[in-house]
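The values are calculated or read from the model by the stated rules, or taken from the named source; none is laboratory data. In this text, all values refer to a predicted model and were calculated from it rather than measured experimentally. We place every Cβ from the backbone using ideal geometry, glycine too, and count neighbours over all the protein chains shown.
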Amino acid sequence: MEITLKNTITKKTPVYAAGELLGALYPKELALYGLEDGVDISEETVEKILKETLIPRAKRYAMNLLVKSDKTETELLRKLKSAGYGETAGQAALEYVRSFHYIDELRTAESYIRTKMDYSSEKEIRYKLEEKGINSETIDMAYDNILEDGTEEDPELKAALNFVRKKFGGRAEQEEELSYEEKQKIMVAAFRKGFRQESIKNALKTLNITY
């Protein structure tokens, strides 16, 4: 199996076996396994590199990421890839943290929604969560759990109200000072942020702003 080493400005060198990325190794590790650009090594050596060095390191890296903040499986794999780990090491690390139930996408979705729901529309929040790799069913369940605990009767209306107040700079309840152009501008901005038309109208009505 032919080894390819890629040049890099970092201390570690990406190592490819038969064109597939294994991971990045330090100079001492390259010497330990006898790795040079263009040399052939056995499958047993490849397995040894993964088992002894790359997979344990990938596991530690994944754990450190999760200690700092919740991550979805998609986010974790992206981080591992950007850190120079190949598919095999990345999947092994994912299986490792998954076995300890360190990844809880429902919890991540609920936490993200609670953090953003005061000023962001449900549409925008859903889009961001889907970017993180969370499916729509999990997002639905997260919203259901939040609404069921009674803390938010209508999070979309609350967010729309806060958004309008913020855009008007504290003048939202002084309609006589607002021009038609200002009202038009806030409507367009709210639509672009993903707020439903009904939520925008109810927010304006609550603030006694006619449109």
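For segment 5-18, which positions are touching a Ser or Thr at 6+ places or on another chain (Cβ under 9 Å) and either closer than 20 Å to L77 by Cα or of a type in the set (A, V, I, L, M, F, W, C) (or both)?
L5, P14, V15, Y16, A17, A18, listed by residue number.
This table checks each residue for (1) basic (K, R); (2) surrounded by 19 or more Cβ atoms within 10 Å (Cβ to Cβ); (3) farther than 23 Å from F191 by Cα; (4) modelled with pLDDT of 90 or more.
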residue	(1), (2), (3), (4)
S121	no, yes, no, yes
E137	no, no, yes, yes
A142	no, yes, yes, yes
G150	no, no, yes, no
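Go through segment 1-120 and tell me which helices (runs of 4 or more DSSP H), entirely inside it, have 2 or more residues that are among the acidic types (D, E). Outline the logic, then answer.
Working: elements: 27-32, 43-49, 55-68, 73-82, 87-99, 105-116.
Here the list reads 43-49, 73-82, 87-99, 105-116.
Starting from segment 141-154, take each residue that is within 13 Å of A109 (Cβ to Cβ) and among the β-branched types (V, I, T) and list its partners that are in a loop (DSSP other than H, G, I, E, B) and at pLDDT 90 or above, counting only C-beta distances under 9 angstrom and pairs at least six apart or across chains.
I146/M117
When only residues in segment 46-78 that are touching a Gly at 6+ places or on another chain (Cβ under 9 Å) and without any contact (Cβ under 8 Å) to a residue 24 or more places away in the chain count, which is surrounded by the fewest Cβ atoms within 10 Å (Cβ to Cβ)? Let's see the steps before the verdict.
Within segment 46-78, the subset touching a Gly at 6+ places or on another chain (Cβ under 9 Å) is 49-50, 53-55, 57-58, 62, 72-78.
Okay, now just the ones that are also without any contact (Cβ under 8 Å) to a residue 24 or more places away in the chain, so 77-78.
Values: L77: 19, R78: 15.
Of everything passing the filter in segment 46-78, R78 is surrounded by the fewest Cβ atoms within 10 Å (Cβ to Cβ).
Could you identify the single residue in Y26, Y96 that is surrounded by 15 or more Cβ atoms within 10 Å (Cβ to Cβ) and over 19 Å from the mean Cα position of the chain (by Cα)?
Working: Y26 fails: surrounded by 15 or more Cβ atoms within 10 Å (Cβ to Cβ).
Of the residues listed, the single one that is surrounded by 15 or more Cβ atoms within 10 Å (Cβ to Cβ) and over 19 Å from the mean Cα position of the chain (by Cα) is Y96.
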